[in-house]
Amino acid sequence: MAFDSFRDFLKTLEATGQLTRFPQPVATELEITELANREMKKPGGGRALLFEKPTVNGQVSPFPLVVNALGSHQRMAASLGVGNVDELAGELGSLMKAKPPTSFREALKLLGTALDLRHAKPKLVKSGACKEVIHKFDAPPTRTEPWPKALDIKTPATSNAQPPTLLNLPIQKCWPLDGGRFITLPCVVTRDPDTGDRNLGMYRIQVYDDRTTGMHWQLQKVAARHGRRYYETGQRMPVAIFLGGDPVFTFCATAPLPDGLDEFLLAGYLRKKSVELVKCETNDLEVPANADFVIEGYIDPQEPLRMEGPFGDHTGYYTLPEPYPVLHVTAITHRRDAVYPATIVGIPPMEDFYIGGASLKLFLPIFKMNFPEIVDIALPAEGVFHNLVFVSIKKTYPMQAYKIMHGLWGMGQMMFTKYLVVVDADVDVHNTSEVLFHLCANTDPQRDSIFTRGPADVLDHATSEIAIGSKLGIDATKKLSGEGFKREWPPLIKMDPAVKAKVDAILNLGR
């Protein structure tokens with residue numbers, strides 16, 4: 001299912017009782033964070049929160065703000081147009097396993113699969129809702145329609161008809177020690193200057209003033225690689241940031257796709273409708289026509305880096321200031337009825353836990369193609385994505401767990417995993433208590449552990465050096481004789497099935 005706007009998605013959430021409104025003014029400075037943090041900590045992630053009158057320095061912003069829109073399994077699935085993310089994972093898995101047809105029936109089935117991909121390729125259109133209001137810096141603002149007098153989500157918005165700038169968007173200061181206001185759900189578009197390949201990523205944006213921001217793309221990110229090429233050539237680097245539109249864009253910006261694979265292809269596949277793109281006003285990059293906000297600009301390689309941060313990060317700690325490129329804003333465009341999407345990060349669980357969980361489910365079939373013995377993978381909330389990974393495997397030969405460890409450490413963002421625990425196929429990796437039981441019961445610490453070194457998340461404050469660290473792998477599977485285990489492995493305690501069935505019958509009679 002494709003959503004024509006972020007507002008359409010919010011209407012779906014409200015119709016299903018998954019959205020709470022705040023009609024009164026609430027400050028973007030800390031107050032929205034405190035409300036959102038309490039909501040996200042509720043069982044299942046709580047509800048999405050719509051702030052109809054967010055204030056910036058005491059003044060009501062012309063734009064409502066939504067936080068925690070994707071912060072539950074149900075809302076995450078709804079954003080992808082399905083009842084459960086497992087449905088998409090199964091569909092993608094079938095596609096990845098597609099083989100040449102051996103009969104007419106198989107040919108028709110494969111054709112149906114191929115037709116599903118007809119919407120994957122994005123298409124360029126002349127204009128779109130994201131250009132209903134245009135403000136080019138160094139030029140007077142224009143708009144194709146009058147400034148909105150009211151939101152169609154019931155509550156009127158306060159509007160002083162000022163053009164959009166970074167100072168009147170409801171951009172939050174999330175935590176007390178943050179170095180300023182941060183855009184927290186930006187979809188950042190860059191292009192490889194050599195190949196022309198587009199990348200869609202998500203990197204926090206610190207607002208310095210009305211026309212400049214920090215661009216926090218970490219060392220190993222694709223946009224950072226694009227940036228290095230521009231720094232080598234000395235040419236200005238065009239950048240486009242958009243917010244809102246179909247919520248699938250937010251998911252795709254965070255998805256662990258290989259470098260060079262266009263995230264808008266994934267978005268078209270997931271929404272089963274081509275993504276319509278429009279050219280920016282002040283550079284040649286393309287953004288979704290139905291986005292809520294578009295911030296256009298450039299990075300000048302001749303300009304020195306600027307300190308960015310601190311920022312209360314998904315690690316649960318503040319990321320301390322580091323030098324990053326400066327983005328110069330050349331234009332801001334938006335929909336007449338724009339809604340500003342935001343999130344907060346901090347001590348888990350937070351909204352990002354559900355976004356990351358959906359990514360893992362969707363791409364699990366690809367992991368299984370590389371490692372057929374993998375049964376399931378889990379990233380517990382306490383591990384804030386990279387720190388802790390549980391993997392279950394169908395073990396058939398000695399040292400197989402170590403093969404999986406090394407293989408996963410070599411795959412994309414799995415390289416940041418600090419602790420990787422491998423268990424047997426019958427262990428539910430989504431039950432942390434069950435994994436810890438087998439971890440403690442099935443391991444000898446010296447025999448079943450391995451240390452290695454490699455790249456680390458630049459946000460990890462515990463490493464001795466930025467982006468360099470060590471990793472620990474633990475084999476918590478049942479040991480085989482070829483793994484140095486010379487004793488008999490005892491059976492796990494289980495009740496006789498016949499007795500269990502009899503006791504079930506007794507309990508049912510007593511009800």
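Name the single residue that is nearest to Trp489 (Cα to Cα) among those in segment 429-458 being outside any strand (DSSP E or B) and in contact (Cβ under 8 Å) with a residue 40 or more places away in the chain. Within segment 429-458, the match that is nearest to Trp489 (Cα to Cα) is Val435. For segment 20-36, filtering for residues that are closer than 13 Å to Val66 by Cα and either in a helix (DSSP H, G or I) or touching a His at 6+ places or on another chain (Cβ under 8 Å) (or both) leaves 4. Of all the listed residues (Glu382, Glu308), the sole one being within 30 Å of Asp138 (Cα to Cα) and either among the acidic types (Asp, Glu) or outside the structural domain of Met237 (by TED's automatic domain parsing) (or both) is Glu308. The set of residues in segment 459-469 being free of Cβ contacts under 8 Å to residues at least 60 places away in the same chain and over 26 Å from Pro258 (Cβ atoms) consists of Ala462, Ser464, Glu465.
Checked against (1) over 22 Å from Asn290 (Cβ atoms); (2) modelled with pLDDT under 85; (3) of a type in the set (Asp, Glu), Glu34 passes all but condition (2).
Checked against (1) modelled with pLDDT of 95 or more; (2) crowded, with 17+ Cβ neighbours inside 10 Å, Asp428 passes all but a single condition, namely (2).
No other residue among Thr254, Thr250, Thr319 is closer than 26 Å to Pro164 by Cα and either modelled with pLDDT under 95 or in contact with a Pro (Cβ under 7 Å, 6 or more places away or on another chain) (or both) apart from Thr250. Residues in segment 380-392 that are hydrophobic (A, V, I, L, M, F, W, C) and surrounded by fewer than 22 Cβ atoms within 10 Å (Cβ to Cβ) were compared, and the one that is farthest from Gly44 (Cα to Cα) is Leu388.
As a summary of the residue check, Ala378 satisfies the conditions (1) touching a Cys at 6+ places or on another chain (Cβ under 8 Å); (2) more than 30 Å from Tyr298 (Cα to Cα) except for the one numbered (1).
Does Ala401 meet the test of being more than 25 Å from Asp86 (Cα to Cα), surrounded by fewer than 14 Cβ atoms within 10 Å (Cβ to Cβ) and aliphatic (A, V, I, L, M)? For Ala401, the condition - more than 25 Å from Asp86 (Cα to Cα), surrounded by fewer than 14 Cβ atoms within 10 Å (Cβ to Cβ) and aliphatic (A, V, I, L, M) - is not met. Tell me, which residue of segment 207-224 that is at pLDDT 90 or above and surrounded by 15 or more Cβ atoms within 10 Å (Cβ to Cβ) is farthest from Phe137 (Cα to Cα)? Here the residue is His216. Checked against the criterion of being under 19 Å from the mean Cα position of the chain (by Cα), surrounded by fewer than 20 Cβ atoms within 10 Å (Cβ to Cβ), under 26 Å from Asn37 (Cα atoms) and of a type outside the set (Asp, Glu), segment 292-315 has no qualifying residue.
Flag set for Thr333, criterion: in a strand (DSSP E or B), farther than 25 Å from Thr477 by Cβ and either over 15 Å from the mean Cα position of the chain (by Cα) or not assigned by TED's automatic domain parsing to the domain that holds Ala462 (or both). If you go through segment 3-13 one residue at a time, do you hit one that is modelled with pLDDT of 95 or more, outside any helix (DSSP H, G or I) and either in the same structural domain as Asp337 (by TED's automatic domain parsing) or surrounded by fewer than 23 Cβ atoms within 10 Å (Cβ to Cβ) (or both)? Within segment 3-13 (the criterion being modelled with pLDDT of 95 or more, outside any helix (DSSP H, G or I) and either in the same structural domain as Asp337 (by TED's automatic domain parsing) or surrounded by fewer than 23 Cβ atoms within 10 Å (Cβ to Cβ) (or both)), the answer is no, since none of the residues qualifies. For segment 1-22, the set of residues classified as under 20 Å from the mean Cα position of the chain (by Cα), over 15 Å from Leu49 (Cβ atoms) and hydrophobic (A, V, I, L, M, F, W, C) consists of Met1, Ala2, Phe3, listed by residue number.
Any residue in segment 347-369 that is of a type in the set (Lys, Arg) and either in contact with a strand residue (DSSP E or B) (Cβ under 6 Å, 6 or more places away or on another chain) or assigned by TED's automatic domain parsing to the domain that holds Val384 (or both)? Yes, there is a match, as at least one residue in segment 347-369 is of a type in the set (Lys, Arg) and either in contact with a strand residue (DSSP E or B) (Cβ under 6 Å, 6 or more places away or on another chain) or assigned by TED's automatic domain parsing to the domain that holds Val384 (or both). Only one of these conditions is not met by Pro372: (1) in contact (Cβ under 8 Å) with a residue 24 or more places away in the chain; (2) surrounded by fewer than 20 Cβ atoms within 10 Å (Cβ to Cβ). Which number is it? Of the numbered conditions (1) in contact (Cβ under 8 Å) with a residue 24 or more places away in the chain; (2) surrounded by fewer than 20 Cβ atoms within 10 Å (Cβ to Cβ), the odd one out for Pro372 is (1). If only residues of segment 119-166 that are surrounded by fewer than 17 Cβ atoms within 10 Å (Cβ to Cβ) and touching a helix residue (DSSP H, G or I) at 6+ places or on another chain (Cβ under 8 Å) are counted, the one that is modelled with the highest pLDDT is Lys121. Of all residues being among the aromatic types (Phe, Trp, Tyr) and touching a strand residue (DSSP E or B) at 6+ places or on another chain (Cβ under 7 Å) in segment 218-250, which is farthest from Ser72 (Cα to Cα)? Just the residue, please. By that ranking, first place goes to Tyr230. Out of Leu320, Leu364, which single residue is surrounded by fewer than 22 Cβ atoms within 10 Å (Cβ to Cβ) and in contact with a His (Cβ under 9 Å, 6 or more places away or on another chain)? Answer to the selection: Leu320. If you go through segment 162-221 and keep only what is in contact with a Cys (Cβ under 9 Å, 6 or more places away or on another chain) and farther than 30 Å from Pro258 by Cβ, you end up with just Arg181. A residue that is over 30 Å from Thr315 (Cα atoms) and at pLDDT 90 or above occurs nowhere in segment 449-461.
The values are calculated or read from the model by the stated rules, or taken from the named source; none is laboratory data. Predicted model, so just to flag it, every value in this text is computed and none were measured. Note that we place each Cβ from the backbone using ideal geometry, even for glycine, and neighbour counts take in every protein chain shown.
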